[in-house]
Amino acid sequence: MHVAIIKYNAGNIMSVEFALKRLGVECEVTDDFEKIKSADKVIFPGVGEAETTMRFLKNAKLDLLIKDLTQPVLGICLGLQLMCSYSEEGDTPCLGIFQEKVLRFEPKLKVPHMGWNTITELKSPLLYGLSEASYVYFVHSFYAQVGEHTIAKTNYINDFSAALNYKNFYATQFHPEKSSDVGLSILKNFVERVV
Amino acid sequence: MLAKRIIPCLDIRDGQTVKGINFENIRNVGDPVELGAEYSRQGADELVYLDITASHEKRKLFSDLVKRIAQNLNIPFTVGGGINEMSDAERLLAAGADKISINSAAVRNPQLIDQIAKGFGSQFVVVAIDAKFEDGKWTVFLNGGRIPTDKELFSWAKEAQDRGCGEILFTSMNHDGVKQGFACEALSQLSLSLNIPVIASGGAGNMDHFVDVFTKGNADAGLAASIFHFKEIAIPDLKNYLHKHNIPVRLS
């Protein structure tokens, strides 16, 4: 099992690598196309802003590479948002893997949505073994709508997609690498159960 | 529902966790990585590591420590102390910190908040404010509470928010170390006047103080050091206690 973590201009990618290493999974942070294509699994992490990041991905032709991957792919945080069809952040067309749209939270409560919140209506091997209403760690100001690809929901200001899945593409809005034992289970499921 | 966070704070000097009272009388309480991992196992929601090392040379030691923390910890952590410019923030991000907290440098050069937020995102920037209530107002202090400024807590916090910081960590110097409860009135005013999370610090002495800080103080997170380090309150007990008082917390 070899996991490629896509390297690009996003913040704190290392924490994903460290989490996989704690699980004993062989992994590498790389922007080498061949290494990404030949990996058993790919993680598309992300902290940052949608428009500049999308532009970076396009310039590096990583947008096409990601869309064409056939092995299981896990997007995290901004990774999830960029895998959707569109983001209100910077009015940005995104990868379009999930048809759900990414919208800005109405500031009825504090934004960003930061801290531990529960995930419910879990339905995916990615979330195998987790209890309903498990807590995971979020930091974000934009959210993906609930849609047909939603595999877990969270409520903050409104319901949104905490996780999505379509074909071989999976994504979480929260940070499994920062979500204690629950997060490690999710990464473990991605490595061991998702095919 | 979004949980209220419990955050142990570890002061680091020369690579070891230490704890002083009222910023003085410092004692050694153990290895930062081990202590952090233990807090994580007990259910801490996040950790703050503050580098109180005085000398410049030893700052490199702290970056190495941050990397070790990142490798071993599976909850978010903030690091602070000695961050004066963009390159310090960059170095700590590269070492694996989830957030940095800036204090004196932000007061001296408020532009730093804008720069770091723009470069690495608002979620990366916590502005820490040490303030003391005297003569009817909350005055912001620098350098671990030694130097008074002409800034006032509420307007400075608002400015920090407007410049792009993602959280405010407010320490009441009147309450810090004396274990008589948090500055709930000021915290509530602060929290309700901002639309970013407020971390309350200074004054935790028992579990009811945490109930108060989340109800009366409207804080998003409660931070404490000595009561956790000296095992006066166990985090699982505290979480259960808050849960019984209908405060949303993450129970493991």
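Before moving on, here are some points about what is shown:
- Counting the residues of the range B:55-67 that are under 20 Å from the mean Cα position of the chain (by Cα), more than 9 Å from chain A (Cβ to nearest Cβ) and either part of a loop (DSSP other than H, G, I, E, B) or at pLDDT 85 or above (or both) gives 4.
- Scanning the range B:177-190 for residues being crowded, with 24+ Cβ neighbours inside 10 Å and either out of contact with any His (no Cβ under 7 Å at 6 or more places or on another chain) or not in a loop (DSSP other than H, G, I, E, B) (or both) gives a total of 2.
- Among the residues of the range B:99-120, the ones that are in contact with a helix residue (DSSP H, G or I) (Cβ under 7 Å, 6 or more places away or on another chain), assigned to a helix (DSSP H, G or I) and farther than 13 Å from B:G164 by Cα come to 1 in all.
- Of the residues making up the range B:240-252, those that are within 11 Å of another protein chain (Cβ to nearest Cβ) and either at pLDDT 95 or above or within 15 Å of B:G222 (Cα to Cα) (or both) number 3.
- Residue in the range A:134-153 that is away from chain B (no Cβ under 11 Å) and touching a residue at least 60 places away in the same chain (Cβ under 8 Å) present: yes
- Condition broken by B:E90, with the remaining ones in (1) surrounded by fewer than 18 Cβ atoms within 10 Å (Cβ to Cβ); (2) touching a strand residue (DSSP E or B) at 6+ places or on another chain (Cβ under 6 Å) satisfied: (2)
- Any chance B:F133 is within 14 Å of another protein chain (Cβ to nearest Cβ) and either crowded, with 17+ Cβ neighbours inside 10 Å or more than 16 Å from the chain's Cα centre (by Cα) (or both): no
- Yes/no for A:E88 being out of contact with any Pro (no Cβ under 9 Å at 6 or more places or on another chain), surrounded by fewer than 23 Cβ atoms within 10 Å (Cβ to Cβ), in contact (Cβ under 8 Å) with a residue 12 or more places away in the chain and within 14 Å of chain B (Cβ to nearest Cβ): no
- Scanning the range A:91-105 for residues that are part of a strand (DSSP E or B) and within 14 Å of chain B (Cβ to nearest Cβ) gives a single hit, A:R104.
- For the range B:220-228, the condition holds for no residue, the condition being that it is in contact (Cβ under 8 Å) with a residue 24 or more places away in the chain, over 16 Å from the mean Cα position of the chain (by Cα) and either away from chain A (no Cβ under 13 Å) or more than 12 Å from B:P8 (Cβ to Cβ) (or both).
- Residue match in the range B:82-93 (condition: assigned to a strand (DSSP E or B) and farther than 15 Å from B:G15 by Cβ): no
- Assessment of the range A:106-114 against the conditions (part of a strand (DSSP E or B), closer than 27 Å to B:S40 by Cβ, within 14 Å of another protein chain (Cβ to nearest Cβ) and over 14 Å from the mean Cα position of the chain (by Cα)) yields at least one matching residue.
- Subset tally (residues that are hydrophobic (A, V, I, L, M, F, W, C), part of a strand (DSSP E or B) and at pLDDT 80 or above) for the range B:5-49: 8
- Residue within the range A:109-120 that is charged (D, E, K, R), crowded, with 17+ Cβ neighbours inside 10 Å and out of contact with any helix residue (DSSP H, G or I) (no Cβ under 8 Å at 6 or more places or on another chain) present: yes
The values are calculated or read from the model by the stated rules, or taken from the named source; none is laboratory data. Computed from a prediction, not measured in an experiment: that's the story for all the values here. Every residue, glycine as well, gets a Cβ built from its backbone with ideal geometry; the counts of neighbours run over all protein chains shown.
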